[in-house]
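J.: Attaching a single structure in structure tokens format; questions to follow.
A short reminder: the numbers here are calculations on the coordinates, not readings from a lab. None of the values given here were measured: they were computed from a predicted structure. Note that each Cβ is placed from the backbone with ideal geometry, even for glycine, and that neighbours are counted across all protein chains shown.
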Amino acid sequence: MNHSPALPPVTVLGLGPMGQALAATFLGAGHPTTVWNRTAGKAADLVARGAVLAGTAAEAVAASPLVVVCVLDYDAVHAVLDPAAGELAGRTLVNLTADTPGRARATAAWAAGLGAGYLDGAIMVPTTVVGGPSALVLYSGPESVYEAHRPTLACLGGTAVHLGADPGRAAAHDVALLDVFWTAMSGIVHAFALASAEDISAADLVPYAKGIGALLPDIMDDFARRIDRGEYAGDGSDLLSAATGMEHIIHTARGHGLDTGVLTAAHAVARRAIDAGRGSDSFALLAETIARTPA
């Protein structure tokens, strides 16, 4: 790999599937790339393509003004970076590890105490999309730090969005969006289990399930307007009818001996709003009901 001397070097710490995709993308864009991983063998393909394998995390950090870390969680981030903390002063740490907004803010404060710039980020696509036009990466932290490294980060492809100075904002978006994803995934597998119990194959159910999915974008827009305005009139579809439909599903599933924990919990939230006299309101009201749930 012939690197342009005009392109700044980058270090990537952590070579799981996403870390490897990030390092390969920086390499492909022509950035001199140093890599480190606790299991050195994972770097073999990248080294063959021109990456430099550092012997320690501290050596890897010292090699570049921009250090990107992508590991399992923030415990792993600190396990990697605490021994290399002395090398972080004057560098920028871009943490693309998924974790909580609170831990993102705490890690930003830790980095600032070491004299390092800090950006927190959330990669909202699978590894196969990194570097391509469909990639989406969310960043938060000081705008000046983001702007200083935006040209380098842009090679990760697609759309990069800076969400503001609060270092926890990218992680907040990440957990909220993954809440949508994993709750929906739970509903999908439960629906397939329920259909199977009624001798309906997954393949037979899919076309109709996709039709349900196609309704969701307009529902999201409607709910967002209601929630932001605090206006929840039922307008033809209310919590009472929703709760009744949920009860039918729970009754059928229990009749087949299926686990109903997820939907039972959702139904309990709806019932709490109904018992408070809000049965004629929109399902969107439950965003407020959830916010009032005792810890």
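J.: Please find, in a Gaussian network model of the chain (springs between Cα atoms separated by less than 10 Å), the residue of 171, 195, 62 whose mean-square fluctuation is greatest.
T.: So, out of 171, 195, 62, the one fluctuating most is 195.
J.: Counting residues in the stretch 1-109 as N, plug N into 2.2 N^0.38 Å and put the Cα Rg over that result.
T.: With N residues counted in the stretch 1-109, Rg over 2.2 N^0.38 Å equals 1.00.
J.: Another question about this same structure. Please find the FRET efficiency linking residue 134 to residue 49, where r is the Cβ-Cβ separation and R0 is fixed at 25 Å, and quote it to the nearest 0.05.
T.: Working from the Cβ atoms, E equals 0.65.
J.: Here's something else I'd like to know. How much of the DSSP bridge set in the chain is antiparallel, in percent, rounded to the nearest 5?
T.: Counting DSSP beta bridges with both partners in the chain, the antiparallel share is about 20 percent.
J.: Mind checking the full-extension length gain between residue 227 and residue 199? Use 0.36 nm per residue of separation minus the Cα-Cα distance, one decimal, nm.
T.: 6.2 nm
J.: Next up: Would you mind ranking 249, 219 so that the residue whose beta carbon has the fewest other beta carbons within 10 Å leads the list?
T.: Least crowded to most crowded, the residues run 219, 249.
J.: Same structure again: Determine the gain in length on full extension of the stretch residue 78-residue 247; use 0.36 nm per residue of separation and subtract their C-alpha separation, reporting nm with one decimal.
T.: Here the answer is 56.2 nm.
J.: About the Cα centre, and with charges only on the beta carbon of Lys, Arg (+1) and Asp, Glu (-1), how big is the dipole of the chain? Nearest 20 debye, please.
T.: My answer is approximately 600 debye.
J.: Using a 7 Å offset from the Cα along the Cα-to-Cβ direction at both residue 290 and residue 177, what is the distance between the two label points in nm, to one decimal?
T.: Rounded to a tenth, the inter-label distance reads 1.7 nm.
J.: Hey, got the Cα dimensions of the chain along the principal axes, in Å, largest first?
T.: Answer, in whole Å and largest first: 64, 41, 31 Å.
J.: When a/c reaches 1.5 or more, the comparison of a/b and b/c decides; with that in mind, is the stretch 19-75 rounded, prolate or oblate per its Cα gyration tensor?
T.: Rounded.
J.: Using only Cα atoms, figure out Rg for the stretch 201-291 and give it as a multiple of 2.2 N^0.38 Å.
T.: Relative to the rule-of-thumb radius for its length, the stretch 201-291 sits at 1.20.
J.: For the stretch 1-60 and the stretch 174-230, compute the distance between their C-alpha centroids and round to whole Å.
T.: Measuring centre to centre over Cα atoms gives 39 Å.
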